[in-house]
Amino acid sequence: MGASIEVETVDKKLAGLQIDLLQKYRNDKITLKQIDWWLNLSSKVRDKYMQPDFWSVIRELSQIVPIEHVIDCDAGPFVPTGWKVKSYKKGGAFKWSVSNVRLHLSENQQYGKHIKGNELRKELEKEPVLNVNVLDYLLEHEELIPEEWKGRTIFFWGTIYRDSYGLLSVRYLYWYGDHWDWYYAWLDNGFNCNNPAACSQVSN
């Protein structure tokens, strides 16, 4: 592989690559879906692609292809110190895509209503809720998290814990000022329209 490009600015490299992508599209060497994928990457992820292999893409020695993010939802979940796993719903190999996830709200969470976590847990028993392996994977790959999730707390009901106080808890993903993080809620709490459950849209 060649050396990193140091003299070009990121803007110039991006412009050159985008022109090249358009040319490849005209020559049927790349699809609109691939171009859309590239243009919607965060600057952080783009920077990774703009390093040593940049010119190999331009010279068609390699191709830009979307990375498949496959999450092992059968692996043992992360367990915070002093906690125990009360229940764990396995989900096999889950291929991450925003289109593969739906944010579920109970009728009892809508129109100003709220529902206790223990009751909501029973309602969700038949729903394809995602477990915390997805949550923790997203925290390692923040660029995958949709912007529209900001301002909400996304719960992963596929894993229920008993915390260090002995209380049943469920972890959630949320935007914390300038980064994504996780916290938890006790099942004795109330859950409203800002607390959807992350569910799989993939047919098993």
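Report whether or not Glu123 is loosely packed, with under 15 Cβ neighbours inside 10 Å and among the acidic types (Asp, Glu). Walk me through how you get there before you give the answer.
Values: loosely packed, with under 15 Cβ neighbours inside 10 Å: no; among the acidic types (Asp, Glu): yes.
In short, no.
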| Selection from region 183-204 of residues that are within 23 Å of Val70 (Cα to Cα) and either in contact with an Asp or Glu (Cβ under 8 Å, 6 or more places away or on another chain) or loosely packed, with under 13 Cβ neighbours inside 10 Å (or both) | Ala197, Cys199, Gln201, Ser203, Asn204
| Search result, residues across region 94-125 that are touching a strand residue (DSSP E or B) at 6+ places or on another chain (Cβ under 7 Å) and within 20 Å of Glu143 (Cα to Cα) | Phe94, Lys95, Trp96, Asn100, Val101, Arg102, Leu103
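Name the single residue that is nearest to Asn194 (Cα to Cα) among those in region 150-172 being without any contact (Cβ under 8 Å) to a residue 40 or more places away in the chain and crowded, with 17+ Cβ neighbours inside 10 Å. Explain how you work it out, then say what you get.
Here is the first cut: in region 150-172, the residues without any contact (Cβ under 8 Å) to a residue 40 or more places away in the chain are 150, 165-167, 171-172.
Subset that is crowded, with 17+ Cβ neighbours inside 10 Å: 171-172.
Working: Arg171: 14, Tyr172: 12 Å.
Going through the qualifying residues, I end up with Tyr172.
Evaluate the following for Gly151: is it more than 16 Å from the chain's Cα centre (by Cα) and assigned to a loop (DSSP other than H, G, I, E, B)? Don't jump to the end; show me each part of the working.
On the way: more than 16 Å from the chain's Cα centre (by Cα): no; assigned to a loop (DSSP other than H, G, I, E, B): yes.
So Gly151 fails the test.
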| request: Test Tyr172 against the stated conditions and say whether it is of a type in the set (Ser, Thr, Tyr), in contact with a Phe, Trp or Tyr (Cβ under 6 Å, 6 or more places away or on another chain) and either within 25 Å of Val98 (Cβ to Cβ) or in a helix (DSSP H, G or I) (or both). | output: yes
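Every number in this text was worked out from the coordinates using simple rules, so none of it is lab data. Predicted, not measured: the structure shown is a model, and the values here were computed from it. Please note: Cβ atoms are built from the backbone with ideal geometry, for glycine as well, and neighbour counts cover all protein chains shown.
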